[in-house]
Structures are given as C-alpha cells and as structure tokens.
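S.K.: Take a look at this one; I'll ask things after.
The values are calculated or read from the model by the stated rules, or taken from the named source; none is laboratory data. Everything numeric in this text was worked out from a predicted model, so none of it was measured. Don't worry about glycine lacking a Cβ; one is built from the backbone with ideal geometry, like all the others, and counts go over all protein chains shown. Keep in mind that these areas ignore ligands, DNA and RNA; they rest on the heavy atoms of the full protein, side chains included. Shrake-Rupley method; radii C 1.70, N 1.55, O 1.52, S 1.80 Å.
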Amino acid sequence: MIQTKYVFVTGGVTSSLGKGIIAASLAKLLQERGFKVTIQKLDPYINIDPGTLNPYEHGECYVTDDGAETDLDLGHYERFLNTPTSQANNVTTGRIYQSVIDKERRGDFLGKTVQVIPHITDEIKHRIQLLGNTGKFDIVLTEIGGTVGDIESLPYVEAVRQLQWEMGSENAIVIHLTLIPYLATTGELKTKPTQHSVKMLMQSGVSPNILVCRSEHPLSDDIKRKLALFCNVHEDEVIEALDAETIYDVPNLMLKEGLDIVVIKKLKLPLSDTPKLLKWNDFLTKFKNPKSTVTIALVGKYVELHDAYKSISEALIHAGATNEVRVVIKWIHSEKLTPKNVTKKLEGVHGVIVAPGFGERGIEGKIEAIRYVRENNIPFFGICLGMQMAVIEFARHILGLKDANSTEMNTATKFPVIDLMESQKNITQMGGTMRLGAWDCKLDKTSKAYKIYKSELILERHRHRYEFNDAFLKAFNDAGMKTTGINPKTGLVEIIELPNHPWFIGVQYHPEYKSTVLNPHPLFVAFVKASLDYK
Ligand code: GLN
C-alpha cells in the first residue's frame, strides 16, 4: 500500500488569511501533477458541526453528498478540486470530545483517567488518518482552523507534533500561513508578527516547514532572508502570497511561487511536468473577459454577510464565465421588501434568486419578490426556502388560498401547502436531523429541468425539514404550477416550474453545492443565460 503523505496548514498572526484558499490552491496544483488529493478541515469549536450555527456567526453551512453539515471551506475544496468531500473531511472539537466521551461511557478506557493527552490527541490523530487510511489518496491536506496561540487550537497542534514525529518529516509537513503587515507611514513590510507566531508554534514543538506569507506588497529577497533566518526555514520555503483579484487566481500565483514544488520535494515525491491548468485557465480567461453584464438579485435575510450565500455566489461566477458574462449580484434584504417598494428594488434586475433560509423573518418580502417576477416574466430561481415561497405565492395569488403558508411559519394555517414530513414530526434533536445529503430526483421529460440537465435521473443535495404538501399536488398542476421533479422512492416534490413563464424554476434541493469551476451547475448556467436573454 502507498504511504499517504500529510500536509498540515496552520494559521498565524490573525484569522481570515484564507487558509482554505491556500490549501485548495495547493491541492489543485498537486492534483494537476497527478496526485490523488483531498482536503480536510479541523475546526476548534465545541459545536458538533456547523449545522446548528447561525449563518451570521459562521457563514454558509455546506452540505456534502453523504449529508454532513460542514464548514464553508469544504465548498472551496470541492469547487477547486472537482471531487466530493464527506463526513470525514470536517471535524470539530465537539465531535472529537463526543467520541471520546462516548468511549468513556462504554468503558473502552478500562478505568484509565481520560485526558487531553493522549485521549483527545489520539482521537484527533485518528480523524486525520481516516482519510489516508482509505487508500484513496496520495496526499491529505489538513487545515487547522483558528490561529496558532488560541487556547482551543492547542490539542490540534499537539496532535500534529505527534504525527510528524511518528511519521517522519518526509511524510508529514507543516505549512504556516501568516500575514506580513505593511506600515504605510514608513513604507515597510514587517516580519515581527510572523516571527512571534512561528515562535509560538515552536513552543508547542512544531517547526513549520514552509511559510506562506500573505502580503499587500511583494516580499523583497531581504525580507525573505530575514523570515528564513528567524523562522528555521530556507529562503525558497518562504512563499509570497499577494492579495489576488479573485480567489481563482491563487493556484496560478502559488504555481509561480513554486509552492507545489517545495511541498513535493519535502515529501520526497516524484516531480512531474509543470501543471498547465488548461481548463482552469480557460475558465479564468472567460471570467475575466466578459462580453456583457447581467444583474441578478439575491433576495435573502442574511445578505449583510455575503458568506452566508457563498456557494450561490460562486455558482453564479462559474455560470457567468460559461456564458461569458459578468454576473453582478444585487443583494436585497427580504425584510425590507414590501409591495410598495418591490418595483423600485427590483429595477434593472435581469433575474431573481430567492435564497434558502429558516424561520419566519423576511418571508413576506420573498413572497412579494416572487409575485413581482412571476407577473413580470423576469427569470426566477428559487432555492429550497425560495422554492417553498414560490409555492406559497402561487397558492395565495393563483389558487386563491388566502393565507396559505408553510407550517414552519404558521402551524395553524388553513392551507399548509408546505408541511413537515411525517418522519420529521417527532424529531426533537436539532443537529443532523434534517433531510440531508444527496437524494435522487426523476425529471418529467417534458420539463425545462429535463432540457437543462439532459438526463432523467439526477442526484442533488438537500438540507431542509419541510416539503411540498402532496395534498395540493393536483390543484397546483391543474392551475399551471407543474411539479416536474419527484423523488422516485418517496414521491416527494423536488422541482416546481411555471411552463408559461420564460424561466421560473424552484428546487427543493441546493444545486449551488455541486457547482465547481470545471463543472458549473447546469441550472445556474441556464438561469444566467435566461437572465441574459431577458436583458
Ligand atoms: N426552512 C426550510 C425547511 O426547513 C428551508 C430550508 C432551506 O432553505 N435550506 O424546509
């Protein structure tokens, strides 16, 4: 069996330096060089997973095929690598402690005192090696969330120290991502914060093998020499990571800096020809040279934090490039949309997405936006809650079912057109209990969806509790809202369409999770095309 190699990515100086993008870019280059790669994220918080976190706290919750509710960085991993991730790719401190405590309750530790070292660190090491032990990957990249020096990151750094010691430094290396701040008053780049952060890492027994330095300005040879000297690395192991115009430039920037070569040498792996990134660069060329622009409104209740809709905005970038147009997103707060201002707010917009979400806040604004686009033949794309709102809008204004609603918003509604699935009714535990992960959907061959997917059976990812209520199936179809995608096993409605509208599609699932640079999602591509046609 091959020896899987491990690359750890830690962060220093400050958070939000883009460890996820650096990890994904490096992984992309290694993949282009012929290695089988995956990326994992270890998050130091106590939640079992980000599924229960408010999007304002943590941005979007990304869902994998196998139904894991994960950190949004996993979305970047999939978008860059074009390969699926799974439960094993995201682990939190909560999850680690949960398994250790479960073992303790089962008596697995045979009376021993259960401690951070070795029991928690053993569990962390086990989780890190799970992906490697599948035999599917040559290289596993593990991003350690948080910043070195945080109390909560300590057990992870300790686990990395132990693993590197056990495996040898040709099988496990550490990349430390830091910030080189620029002092405008003196016109200088400063290395001190990086020196301190590396010292902190060394106090935990870990010496970084490579430094990746985020900077607004190029690092001079002098600066690189200084960093090398103070931080126990060679000059060629100091990699400059300049601010990029788009995250999709970063693989090329890292290629230019030779990050992949340094990693391959350190891991004593064979060096192949330089990656050409042909398809990737083809995407970039189209993305950077749009022939025109379309404006898409994204109606949601978390729009103050764009990260809450990360996969949707990235899917629009992929679809824009495919259509050779620049997609400008007009962020519209659903709470601020009213029948009075809807015309004004949606002025100049060529297509409208109504976003996923939970709870009552802002839903009347979403319904108003949908009424407007339905009546004015503006392309509409409803995702999850957005689809449910389209069903409610149609019920209220076409079927004449006054106050129709989802029982999520009004348990007493006379017309529960969206309702809780039977299997959801007795659930009291919140985490991981929705309809999650990939589900089959069979398309009606006469539908627009079928024309777009060019396939009768599709597999898409879900994350919701409520469903289209079957009791109203006939009424909707008779009145012109067609249910064109159905789960073949359960009969649940997955897609609704208005065939007499230029482009009106609502999906109960989340197509955005599956859009990648090399595989833009067909629904987003078609929606952007329709918006362009509308324009
Ligand atoms: N709140 C809705 C449900 O649970 C929709 C969820 C979503 O948009 N992801 O069914």
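S.K.: Can you give me the long-range amide H partners of VAL63? Hydrogens built in the peptide plane at 1.01 Å from N, cutoff under 5 Å, separation of 5 or more residues or another chain.
M.R.: The list, which skips near neighbours in sequence, is THR70.
S.K.: Still on this model: Once the piece of chain linking ASN519 and ASN376 is laid out straight, how much longer is it, given 0.36 nm per residue of separation minus the C-alpha distance between them? Mind dumping the intermediate values first?
M.R.: Details: separation 143, 0.36 × 143 = 51.48 nm, distance 3.14 nm.
Working it through step by step, the gained length comes to 48.3 nm.
S.K.: Full-extension gain between LYS136 and PHE358, please, as 0.36 nm times their residue separation minus the C-alpha to C-alpha distance. Write down the numbers at each step before the final one.
M.R.: Details: separation 222, 0.36 × 222 = 79.92 nm, distance 3.68 nm.
Full extension of this stretch gives 76.2 nm more.
S.K.: May I ask which of LYS330/LYS448; LYS276/LYS529; LYS36/LYS514; LYS5/LYS268; LYS301/LYS345; LYS199/LYS226 have a Cα-Cα span longer than 18 Å here? Mind dumping the intermediate values first?
M.R.: Numbers: LYS330/LYS448 26 Å; LYS276/LYS529 29 Å; LYS36/LYS514 20 Å; LYS5/LYS268 10 Å; LYS301/LYS345 15 Å; LYS199/LYS226 14 Å.
Pairs exceeding 18 Å: LYS330/LYS448; LYS276/LYS529; LYS36/LYS514.
S.K.: I've got another one for you. Could you tell me the center-to-center distance, by alpha carbons, between region 390-443 and region 462-495 in angstrom?
M.R.: The two parts, judged by their Cα centres, are 10 Å apart.
S.K.: Rolling a 1.4 angstrom probe over the protein heavy atoms, how many square angstrom per residue are accessible across the chain?
M.R.: Accessible surface, normalised per residue, equals 42 Å².
S.K.: Relative contact order (percent) for region 99-195, with alpha-carbon contacts under 8 angstrom and 6 or more residues of separation? Before the final figure, lay out each step's value.
M.R.: Working: 52 pairs, mean separation 16.8, N = 97.
It comes to 17 percent, rounded to a whole number.
S.K.: Students often check this: by mean Cβ neighbours within 10 Å, which of 504-516, 97-109, 381-393 ranks highest, and how do the rest follow? Each step should come with its number before you reach the end.
M.R.: Details: 504-516: 25.4, 97-109: 12.8, 381-393: 27.2.
Going from most to least packed, we get 381-393, 504-516, 97-109.
S.K.: So for region 35-97, averaging the separation of alpha carbon pairs under 8 Å that are six or more residues apart and normalising by length, what relative contact order in percent results? Write down the numbers at each step before the final one.
M.R.: On the way: 93 pairs, mean separation 29.3, N = 63.
46 percent.
S.K.: Further question on the same structure: How large is the dipole of region 1-150 about the Cα centre if only Lys and Arg carry +1 and Asp and Glu carry -1, each at its Cβ, rounded to the nearest 20 debye? Walk me through the numbers on the way to the answer.
M.R.: Details: 15 positive and 19 negative charges, 113 e Å.
Computed about the Cα centre, the dipole is about 540 debye.
S.K.: With all distinct Cα pairs included, what does the Kirkwood hydrodynamic radius of region 403-502 come out to in Å, to one decimal, could you say?
M.R.: Values: mean 1/r = 0.0679 Å⁻¹.
Here the Kirkwood hydrodynamic radius works out to 14.7 Å.
S.K.: What full-extension length gain, to one decimal in nm, is calculated for LYS445 and ASN341 as 0.36 nm per residue of separation minus the Cα-Cα distance?
M.R.: Values: separation 104, 0.36 × 104 = 37.44 nm, distance 3.86 nm.
Roughly 33.6 nm would be gained on extension.
S.K.: Taking amide H positions as placed 1.01 Å from N in the peptide plane, with prolines and chain starts having none, which residues 5 or more places from THR484, or on another chain, fall under 5 Å of its amide H?
M.R.: Result for THR484 returns ILE495, ILE496, GLU497.
S.K.: Still on this model: Treating only the Cβ of Lys, Arg, Asp and Glu as charged (+1, +1, -1, -1), what charge dipole size does region 277-427 show about its Cα centre? Round to the nearest 20 debye.
M.R.: Computed about the Cα centre, the dipole is about 420 debye.
S.K.: For the chain, what % of the accessible area comes from carbon and sulfur atoms, probe 1.4 Å? Show your work: numbers first, answer last.
M.R.: Working: 11680 of 22430 Å².
Ligands and nucleic acids excluded, carbon and sulfur give 52 percent.
S.K.: To continue, here is another question. Can you list residues from other chains, or at least 5 along the same chain, whose modelled amide H is less than 5 Å from the amide H of VAL174?
M.R.: Result for VAL174 returns PHE8, ASN209, ILE210.
S.K.: Okay, next question. Using only helices, what value at 222 nm comes out for the chain when you add -39,500 (n - 2.57) per DSSP H run of length 4 or more and divide by the total residues, to the nearest 500 deg cm²/dmol? Show your work: numbers first, answer last.
M.R.: Details: 18 runs with 188 residues, N = 535.
One gets -10500 deg cm²/dmol as the mean residue ellipticity at 222 nm.
S.K.: Just how large is the dipole of region 190-320 about the Cα centre, in debye to the nearest 20, putting +1 at every Lys and Arg Cβ and -1 at every Asp and Glu Cβ? Intermediate values should be presented prior to the final figure.
M.R.: On the way: 18 positive and 17 negative charges, 37 e Å.
In debye, rounded to 20, region 190-320 gives about 180.
S.K.: Just to be sure I understand the model, the point goes 7 Å from the Cα along the line to the Cβ. What's the resulting LYS103 to LEU271 distance in nm?
M.R.: 4.1 nm
S.K.: Shifting gears a bit: Given all pairs of different Cα atoms, what value in angstroms does the Kirkwood hydrodynamic radius of region 26-72 take?
M.R.: So the Kirkwood estimate lands at 12.5 Å.
S.K.: Continuing with the same structure: Can you pull the semi-axes for the chain, root of five times each eigenvalue of the Cα gyration tensor, sorted largest first, whole Å? Each step should come with its number before you reach the end.
M.R.: Details: eigenvalues 381, 151, 84 Å².
Semi-axes, largest first: 44, 27, 21 Å.
S.K.: Is any residue of region 79-116 close enough, with backbone N under 17 Å, to a label point placed 7 angstrom from the Cα of MET430 along the Cα-Cβ axis, and if so, which?
M.R.: Those under the cut-off are 94-95.
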